[in-house]
Amino acid sequence: MAFTIEEDFQGLDGQLQAALDVIARGHGIVCFDAEVLTVFRRSDLPLTLRRAGDVVHLSLSLVQPS
């Protein structure tokens, strides 16, 4: 599952998650799993990870160190 919330609608993320929870339970789904960095870690680009509360910020450098 993947979704993006347009900046003007950022307050809807909790409602969207709640709706997905109800739909999933109705179909017998018992958990959500997330793997978010796998594709980035396989790249050859330098990766920087920073956490700020519940937010994880990931940067991939396109400039190779000299």
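The values are calculated or read from the model by the stated rules, or taken from the named source; none is laboratory data. Keep in mind the model is a prediction, meaning the values are calculated, not measured. Glycine gets a Cβ as well: all are built from the backbone with ideal geometry, and neighbour counts include every protein chain shown.
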List the residue pairs whose Cβ atoms are under 9 Å apart, where the first residue sits in the range 45-61 and is free of Cβ contacts under 8 Å to residues at least 40 places away in the same chain, the second is assigned to a strand (DSSP E or B) and among the basic types (Lys, Arg), and the two are 6 or more positions apart or on different chains. VAL56/ARG50; HIS57/ARG50; HIS57/ARG51; LEU58/ARG50; SER59/ARG50
LEU12 versus (1) exposed (fewer than 11 other Cβ atoms within 10 Å of the Cβ); (2) at pLDDT below 85; (3) more than 21 Å from LEU58 (Cβ to Cβ): which is the lone unmet condition? (1)
Qualifying positions in the range 2-30 - among the polar types (S, T, N, Q) and over 17 Å from ASP54 (Cα atoms): GLN15
Filter result (part of a loop (DSSP other than H, G, I, E, B), surrounded by 10 or more Cβ atoms within 10 Å (Cβ to Cβ) and modelled with pLDDT of 80 or more) within the range 15-60: ILE29, PHE32, LEU45, PRO46
